[in-house]
1. Starting from residues that are among the charged types (D, E, K, R) and under 14 Å from E72 (Cβ atoms), keep the ones in the range 42-61 and report whichever is modelled with the highest pLDDT.
2. Could you say whether any residue in the range 76-95 is at pLDDT 80 or above and surrounded by 15 or more Cβ atoms within 10 Å (Cβ to Cβ)?
3. Of all residues being acidic (D, E) and more than 20 Å from F39 (Cβ to Cβ) in the range 49-71, which is farthest from the chain's Cα centre (by Cα)? Just the residue, please.
4. Looking at the range 12-25 only, could you name the residues that are modelled with pLDDT of 75 or more and of a type in the set (A, V, I, L, M, F, W, C)?
5. Consider S28 against the criteria (1) surrounded by 11 or more Cβ atoms within 10 Å (Cβ to Cβ); (2) at pLDDT below 85: it satisfies all of them except one. Which criterion is unmet?
6. Does any residue in the range 35-47 that is over 24 Å from A63 (Cβ atoms) come within less than 8 Å, Cβ to Cβ, of a residue that is in a helix (DSSP H, G or I) and of a type in the set (S, T, N, Q) six or more places away or on a different chain, and which pairs are these?
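The values are calculated or read from the model by the stated rules, or taken from the named source; none is laboratory data. The model shown is predicted, which means the values in this text are computed figures rather than measured ones. Counting neighbours? That spans all protein chains shown, and the Cβs are built from the backbone with ideal geometry, glycine included.
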Amino acid sequence: MNQTTLSTLESHLWEDANILRGSPVDRSDWKSYILPLMFFKRICDVWDEEFEEAVKTYREDFADEHRFQVPEGKLGTPVISLSRKVLFLLTGGVVK
């Protein structure tokens with residue numbers, strides 16, 4: 001799994017915040033875009049924690065050991081990609 005370092009994440013978040021500050025989107029509307037991304041990220045983190053615990057306990061993972069079912073290939077890394085796409089749409093294509 002491709003791990004994102006804390007400094008990389010902070011850099012992405014700072015850059016995204018700067019883009020939002022200059023966007024035509026009203027501040028009260030940001031939550032409509034940001035909160036779902038944060039929720040999805042938390043679901044991915046919980047899934048990863050449960051996976052690690054299942055492997056530690058049973059030496060394998062079982063689908064019924066998870067509170068959330070996340071489609072294969074949709075954990076973690078796509079969150080940053082998704083956030084960039086949302087910002088691209090919010091700013092009318094200003095994101096680099």
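1. Initial filter on the range 42-61 (among the charged types (D, E, K, R)): 42, 45, 48-50, 52-53, 56, 59-61.
Imposing the further condition that a residue be under 14 Å from E72 (Cβ atoms) reduces the set to 48, 61.
Numbers: D48: 86, D61: 89.
It comes out as D61.
2. Step one: of the range 76-95, the residues at pLDDT 80 or above are none.
Scanning the range 76-95 turns up no residue that is at pLDDT 80 or above and surrounded by 15 or more Cβ atoms within 10 Å (Cβ to Cβ).
3. Just the residues of the range 49-71 that are acidic (D, E), to begin with: 49-50, 52-53, 60-61, 64-65.
Those still in the list that are more than 20 Å from F39 (Cβ to Cβ) too: 52-53, 60-61, 64-65.
Details: E52: 19, E53: 21, E60: 25, D61: 22, D64: 23, E65: 22 Å.
Per the stated criteria, the residue is E60.
4. Across the range 12-25, the qualifying residues are L13, W14, A17, I19.
5. Single failed check for S28: (1).
6. From the range 35-47, the pairs are L37/S83.
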